[in-house]
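Right, one structure below, let's go through it.
The values are calculated or read from the model by the stated rules, or taken from the named source; none is laboratory data. The structure presented is a predicted model; accordingly, all values stated were derived computationally and were not measured. Calculation scope for accessible area: heavy atoms of the full protein, side chains included, ligands and nucleic acids excluded. Shrake-Rupley method; radii C 1.70, N 1.55, O 1.52, S 1.80 Å.
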Amino acid sequence: MSNLRDIREKLKVTQKKLAADIGHSPSSVGHYEAGRRSPDISTCHLIVTALGKYGETLTIEDVFPNPSILDPAHESAQA
């Protein structure tokens, strides 16, 4: 699960605006937010850079946290 929606809404950026900033469709942003699609690493960088233009200093981990770091059970379940 990502923090994309929470961060985007906190910065008062619409899906349409973020999508334009990263060169993707608003529906793609919606899919990333809902977890229906996972952005590739290049898109993650684009998203973090775009959100940075709105005054937030972020890392990829801020927006797309590693689930195994947040939930140790996740890592053991995959083993």
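The equivalent ellipsoid of segment 1-54 has semi-axes of 14, 12, 11 Å, largest first, where each one is the square root of 5 times an eigenvalue of the Cα gyration tensor. The residues of segment 1-42 have, on average, 63 Å² of accessible surface per residue, using a 1.4 Å probe with all protein chains present.
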